[in-house]
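Peer 1: Quick one: structure below, then a few questions.
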Amino acid sequence: MLTGQESTEPGAVPLASAADLPPIRLHDVRHTAGSLMIASGSDPKTVQETLGHADMKLTMEVYVSMFEDVAQTSADNVTAFIPRTRKSV
């Protein structure tokens, strides 16, 4: 589980400096992981459990609302799932 309570990782500072990047906190990496999981279509319950959120509401508000295209893809998938013609009986 990714807790995100850690501040900047000591080993990450020299690596980030060498790459001419700002200091990277473990929480930033955790947030990126959650965002990428949602953007790639991972199940929100899996994201919630991976990030250790006690409440699905938090996961949905923080991550899913960030991606309008994820919402659009979901709507498109539901639309494609609904049959357009009646089946003969």
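Peer 1: Using the reciprocal of the averaged 1/r over all distinct C-alpha pairs, how large is the Kirkwood radius of segment 15-76 in Å?
Peer 2: Taking the inverse mean of 1/r over all distinct Cα pairs, segment 15-76 comes out at 12.7 Å.
Peer 1: Roughly how much of Met37 is accessible, in Å² to the nearest 10, using a 1.4 Å probe?
Peer 2: Rounded to the nearest 10, the figure is 40 Å².
Peer 1: Next question, about the same structure. Quick one: how many Å² of Thr46 are accessible to a 1.4 Å probe, rounded to 10?
Peer 2: Around 70 Å² of this residue is reachable by solvent.
The values are calculated or read from the model by the stated rules, or taken from the named source; none is laboratory data. Predicted model, so just to flag it, every value in this text is computed and none were measured. All accessible areas refer to the heavy atoms of the entire protein, side chains included, with ligands and DNA or RNA removed. Shrake-Rupley method; radii C 1.70, N 1.55, O 1.52, S 1.80 Å.
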